[in-house]
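Asker: Please read through the structure below; I'll follow up with questions.
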Amino acid sequence: MEMVIKSVIALCMFVGGVLTEHRIQSSMSDCLKGKRVAERNKSSNIQYMCGKVQAELEQNVDGSIAIKKIIKDK
């Protein structure tokens, strides 16, 4: 798959202020639901944020699409 850059809704996890993980969400509503679930079990140095981001996307082996790299947040 060639490099695709697209605006997507992402649920991002920061550990100690550093972005460590990001996942595409189908809508802001789904992202906020995921954030609430994740925050129920988090430790004190983990923060979750939802937002619309410009991202480089890649196709996984199973055919799903994932964020390879966040270019900028909106």
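Asker: Would you mind working out the magnitude of the charge dipole of the chain relative to its Cα centre, with +1 at each Lys and Arg C-beta and -1 at each Asp and Glu C-beta, to the nearest 20 Debye?
Answerer: So the dipole magnitude of the chain works out to roughly 340 debye.
Asker: Could you do me a favour and compute the accessible area per residue for the chain, 1.4 Å probe, result in Å²?
Answerer: 69 Å²
Asker: OK, next. Beyond 13 Å, what share of the Cα-Cα pairs of the chain remains, rounded to the nearest whole percent? Working shown, then result.
Answerer: Values: 1754 of 2701 pairs.
The proportion of pairs with Cα distances above 13 Å equals 65 percent.
Asker: Name all residues of the range 2-37 having a backbone nitrogen under 17 Å from the label point set 7 Å from the Cα of GLN54 along its Cα→Cβ direction, giving them as ranges.
Answerer: The answer is 3-10, whose backbone nitrogens lie closer than 17 Å to the label point.
Asker: With the full set of protein chains in place, find how many percent of the accessible area of the chain is carbon and sulfur; take the probe as 1.4 Å.
Answerer: Of the solvent-accessible surface of the chain, carbon and sulfur hold 50 percent.
Asker: Across the range 12-28, in residue order, what do the Karplus-derived ³J(HN,Hα) couplings come to in whole Hz, using 6.51 cos²θ - 1.76 cosθ + 1.60 with θ = phi - 60° and x for Gly and Pro?
Answerer: 10, 10, 10, 10, x, x, 10, 5, 10, 8, 8, 9, 6, 10, 6, 7, 5
The values are calculated or read from the model by the stated rules, or taken from the named source; none is laboratory data. Everything numeric in this text was worked out from a predicted model, so none of it was measured. Note: ideal-geometry Cβ built from the backbone for every residue, glycine included; neighbour counts use all protein chains shown. The protein model used for the area step is the full one, side chains on, heavy atoms only, and it has no ligands, DNA or RNA in it. Shrake-Rupley method; radii C 1.70, N 1.55, O 1.52, S 1.80 Å.
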